[in-house]
Amino acid sequence: MGMGYEYKCPDCGYNETFDLGVGFGFPEEYHKLLIKVKNGELGEELHKLIKVYPQGEIDTDKVLAVCNECGNIEVVTDLSFYVPKKERRKKNNYVMNNDLFINYEPIFSFPHKCKKCHGNMKIVFREGQKEINLKCPECCAALKLSEIFCWD
Ligand SMILES: [Zn+2]
Ligand SMILES: [Zn+2]
């Protein structure tokens, strides 16, 4: 189940809702993403990794990223690549995040680029974490979290 976070700027009227986490469409979305990775549509690194580590998994969580250059805030698919800590037999053709964080280790972080300025983005927040302080991308004032709700 995904959570939406609505942030408002008290100064300039900036108002944005970020839908994070994964929805009930997860297995199907994961499958589509895996096809893109195998086709090399999501970059050469992931394309190589899935060939070298066929048991690897990709973190498909929608997370919040902030641009280091311009402060733009975007929802991105995490796309970190994980490999199993131990050899394991898969029950499904995907794993949920709790399983991923416990039984797998990350070996690659996807280099997210800002849609506005192409600067490097940093992942700052994922669903379920304690909310962080965000700055307004327009005027740099501290954003206020005005609502949290379920989107799926
Ligand atoms: Zn503002
Ligand atoms: Zn930017």
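Every number in this text was worked out from the coordinates using simple rules, so none of it is lab data. Keep in mind that this is a model prediction, so the values were computed, not measured. Note: ideal-geometry Cβ built from the backbone for every residue, glycine included; neighbour counts use all protein chains shown.
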*Starting from the Cα coordinates of the stretch 3-150, work out the convex hull volume and express it per residue in Å³.*
113
_Net charge of Cβ neighbours under 9 Å - reference residue 63; Lys, Arg +1; Asp, Glu -1_ = -2
*Assuming R0 = 35 Å, what is the FRET efficiency of residue 14 and residue 87, from their Cβ-Cβ distance, to the nearest 0.05?*
0.10
*Measuring from label point to label point, each 7 Å out along Cα→Cβ, what is the residue 44 to residue 28 span in nm?*
3.5
*Calculated FRET efficiency, residue 139 and residue 113, Cβ-Cβ r, R0 30 Å, to nearest 0.05?*
0.80
*Output the pairs from 85/135; 36/85; 116/144; 48/135 with a Cα-Cα distance over 28 Å in this structure; if there are none, say none.*
85/135; 48/135
*Taking chymotrypsin sites (Phe, Trp or Tyr not before Pro) as exposed when DSSP calls them loop (any state but H, G, I, E, B) and at most 15 other Cβ atoms lie within 10 Å, what is the longest stretch of the chain free of them, the sites themselves excluded?*
25-150
*Take the alpha-carbon centre of the stretch 107-152, take the same for the stretch 1-23, and report the distance between them in whole Å.*
9
*222 nm [θ] for the chain, helices only, -39500 (n - 2.57) per DSSP H run of 4+, per residue, to 500?*
-5500 deg cm²/dmol
